[in-house]
Each structure stands twice: as C-alpha cells, then as structure tokens.
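*Asks:* Below is a structure I'd like to ask you about.
The values are calculated or read from the model by the stated rules, or taken from the named source; none is laboratory data. Model, not experiment: these values are computed from the prediction. Methodologically, a virtual Cβ is constructed for each residue, glycine included, from the backbone with ideal geometry; neighbour enumeration extends over all protein chains shown. Heads up: the accessible areas ignore ligands, DNA and RNA and are worked out on the full protein's heavy atoms, side chains in. Shrake-Rupley method; radii C 1.70, N 1.55, O 1.52, S 1.80 Å.
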Amino acid sequence: MGGAVVDDGPPGVKAPDGGWGWAVLAGCFVITGFSYAFPKAVSVFFKELIREFDVGYSDTAWISSILLAMLYGTGPLCSVLVNRFGCRPVMMVGGLFASLGMILASFATSIIHIYICIGVITGLGLALNFQPSLIMLNRYFNEKRPLANGLAAAGSPVALCCLSPLGQILQYQYGWRGGFLILGGILLNCCACGALMRPLLPPKKQYLEESTPAAAEEKKPQPKKKLLDFSVFKDRGFVIYTLAASIMVLGLFVPPVFVVSYAKGLGYEDTKSSLLLTILGFVDMFARPASGLIAGMKWVRPRTVYLFSFAMIFNGCTDLIGSQANNYGGLVVFCIFFGISYGMVGALQFEVLMSIVGTEKFSSAIGLVLLMEAFAVLVGPPGAGRLLDATHQYMKKEDPEAKLEMAVTDAEKEGLNFGVESEEDQEGEEEPKEKVNGNDNALKAVEEVMMVKEMGENGGEDTL
C-alpha cells in the first residue's frame, strides 16, 4: 500500500538489484514500520484517552482511521511533491511533520486536538515518507522486487513488536502525554531514512555517451507523463482488484486495533493484553519476507494473483473463526493465524497490482486504488467501535431468556417422563414411594428454573 509513484528515474538506467539499493531497502524498512505500526501502537493509549476525555471506543478509533486515511488518500499530493522536489527532500520534510504531530498531541485538551495532531499532521508526515520510499525501492530493484517488497513490508511487524510494549511502558512511566512526546522524538528518525534515498544516476560511461553532440541531436523530447491516468479503469482486472481491496481494507485493520481492548474486557491485565499485538507482529514479521520469497519463484510469480486471492480468503476466514475466542489461549491462536494471513496480504499486494496494470500505468493505478481504499479505512475501525459502544460486546451472544425457556421445556419433559414411569410402576409393582419422590424432584426442578426465569426478568426490568 503506497502512493502514486510518478517520479520516474533517468531513462535507460537499469535497476542495480543491490549495491546502494540495500541501504534504500533499510530506510524503506524503517519507514514502513513507522507508517503501519503507529496506528496499531497508538491503540495502547485508547483506555487512557477514554478516561481523560470521557469518550467512547468509536471516538478513539477515529484516531487510527484518520491516520490511515491520510496515509492512503494522499497519493496524488505526494506524486506532485515528489515530481517537483524529488524523493529525498519530501521525505525529510515528512519526517518533521510526523514528529511535530505527536509532539503537539501531547499538549491536547480534547479528542478533536488528537484527531488533528496525530490523525492529520502525523498521518500526512508518514505518507510523505512512505510513498517516496516505495518509489525509490522500485527503482533500485527489478528482478528481486518481490523479495525486496517482502523485506520492506516486514518493517511493519518488527516495529509493532517494539512499539506496542514500548507504548505500554511509556504510558506507565510518563502517562499518555509523556508517551506521545517521546514517540514524536523517535519519529525524527524518518529524516535520517530520507537522507538514504540517493537518486539513481546513470553510469559514467552511459552519461558520457549521451552528452556527445550526436547523441544530443538524436535524442527526442519525451511526452509529459500524466499525473493520474484514469484509463486504468477500462481494465476489468484493475476494477475487480480495486473493489476487492477496498472491501478487504474495510475490516483488515479492525482486529489489531481492538484485540487489546477485547483482552482487557475479558479481565486480563494490560501487559498481558498488549502482548497479543507482539505475538501478532512476531508471526507477521516472518510471514512477509517468506511470502515475498515464494512470490519471487519462477513458477509462482506469474500466478501471484491466485496467491493473493488465497491470502484474502484466508484472512477473512481467520476473522470469522477467531471471533469465537473467549479466553487468552484462543486469542493467541487467532493472533498467530491472523499474523500469517495479514503478512501474506501485505507482501503480495504491490506485485499483484503491477502484474495487472503493468509498470507504465502502475504509478496512476496505485494512487487511484489508495483513494478508494481510504474511504474504507476511514469507516472500518470507527464502524466497529460504534457497534461495540451500542452492544458492549465483541460477538453476538445467545439470548438468555431463550436458554431459560429451553431449560424449562427440558425440565417439563423430564417431569412428564417421571410421571408416566411412576404410574406404570404403581400398576405393576408395589413400590410407588421412590417413583413419587422422583416425580417430586422433577417438579422441584421445574419450579427452580421458573424462579430463575422470574429473577432474570426482574433483573432486566431493574436495568431498564
């Protein structure tokens, strides 16, 4: 998930697939970690923000949604800035914005201030870092691009493993305000990563050949490239991909945002609950490069669309089955399988989109896809938070009155059976006492169940 990569390199320059590209990959690894781990790591502070500003889960969920919406929806803006100023200066300015937003958030006096500072300012800063870093990564790698994308995408779970426990420690030691201030200082490392994005220059021999008078005469002016090429919507594969990705993103980020709060709601302590995000990130950390390595194989690379489709189905099934977890062991298993599917999706989406639209239209296609996904990202977690505020539960539970009615029915049947048996025994045998006692016990059971039902109804009236 990146921006509209329109900033083209010099014509005729072959991607080195190594060399300084590994330094670019390292910078992209860190930037990807900050960009995608921050919306999840900030969820560690949600409980404190709810107490501080007297808001609900849906209100705090908007923080992550706005941040992700800025990260997704600013593709065209990043394209214009990169084309005008280049990748390196845009990334360094973006690092300043990301840090400034967190620092200002530490002085917030309302949840609206948090939305503006973390959601808008920090989100914009991370977008100005993340999308240019993808541009540079795709310039420096061609044959090894699936592996490079998988390794760069692994920055997200690695950062999540570090930032989630770090956020918990900072909250205990310095409160949420001090934690935001320190995280703002950490984000200044984005400027250092931006400095690694050295422009890819042609070799000296090629430069000398192109600078000769004969070459200058033969060189024809190239037509100006469109900022956004809407003709990609004529491609049926692109339309299907965009719709599928938008629907997927609607719920993709919901489990990582709410799994910590869900564990706390089950009665587990804060440190143990935040450990779930660390487990998820640890599994995701290995799933991403492994998926990139598999996608780069000769017989798999032409079929990455099918591998990506499997990853999306796997992720959806994991959510459906994992929603039934009601203890810590079940949540751990859910985080393991969700981490695998989440890592597969994160590592494969760039390669799949490029295989559908081709290299030339990829720059416009990725920006338009992100604009579509931004709406889903903006609605997903807050929508789940709204459901949580309305129902106060994370999954649908059976109606307790229906359970009581079923119990009454079973008890009545048991009583009738005892009654029939006692009448038959009285006719054939002379031991009615024990059977009558059995019948009395069944009737008592019916009475007890009825009393429980009445107490439940009275409790419901008191609650209302």
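*Asks:* Can you run phi through the Karplus equation (6.51, -1.76, 1.60; θ = phi - 60°) for region 53-68 and list ³J(HN,Hα) in whole Hz, with x for Gly and Pro?
*Replies:* Whole-Hz 3J(HN,Hα) from phi for region 53-68: 9, 6, 10, x, 4, 5, 5, 6, 5, 4, 4, 5, 5, 5, 4, 5.
*Asks:* What nm value, rounded to one decimal, do you get for the distance between LEU96 and GLU48 when each label is placed 7 Å out toward the C-beta?
*Replies:* 2.8 nm
*Asks:* Based on the Cβ-Cβ distance from ASN327 to ALA390, what FRET efficiency comes out when R0 is 22 Å, to the nearest 0.05?
*Replies:* 0.35
*Asks:* Roughly how many percent of the accessible protein surface of region 91-181 is carbon and sulfur, given a 1.4 Å probe and a whole-percent answer?
*Replies:* Carbon with sulfur: 74 percent of the solvent-accessible area.
*Asks:* Continuing with this model, one more query. Sort the following peptides by mean Cβ neighbour count (other Cβ atoms within 10 Å, averaged over residues), highest first: 244-253, 125-134, 326-335.
*Replies:* The most tightly packed comes first, giving 125-134, 244-253, 326-335.
*Asks:* Would you kindly derive the ³J(HN,Hα) couplings of region 99-109 from the backbone phi angles with the Karplus curve 6.51 cos²θ - 1.76 cosθ + 1.60 (θ = phi - 60°), listing them in order in whole Hz, with x for Gly and Pro?
*Replies:* Once θ is set to phi - 60°, the couplings for region 99-109 become 5, 4, x, 5, 5, 5, 5, 5, 9, 5, 10 Hz.
*Asks:* How long are the semi-axes of the ellipsoid equivalent to region 38-113, from square roots of 5 times the Cα gyration tensor eigenvalues, in whole Å, largest first?
*Replies:* Three semi-axes, in Å: 29, 13, 9.
*Asks:* Put a dot 7 Å past each Cα toward the Cβ at ILE240 and ASN189; how far apart are the dots in nm?
*Replies:* 4.1 nm
*Asks:* Restricting things to Cα coordinates, could you compute the convex hull volume per residue of region 249-338 in Å³?
*Replies:* In region 249-338, the Cα convex hull volume per residue is 88 Å³.
*Asks:* Amide H to amide H under 5 Å from GLY56: which residues, 5+ apart in sequence or cross-chain, H placed 1.01 Å off N in plane?
*Replies:* Residues meeting the amide H criterion: none.
*Asks:* Quick one: of LYS14/LYS40; LYS234/LYS298; LYS47/LYS272; LYS144/LYS234; LYS40/LYS144, which pairs are farther than 26 Å apart, Cα to Cα?
*Replies:* Flagged as over cut-off: LYS14/LYS40; LYS234/LYS298; LYS144/LYS234; LYS40/LYS144.
*Asks:* Taking the Cβ of PRO157 as the center, what net charge do the other residues with Cβ under 14 Å away carry, scoring Lys and Arg +1 and Asp and Glu -1?
*Replies:* Taking every other residue near PRO157 into account, the sum is +1.
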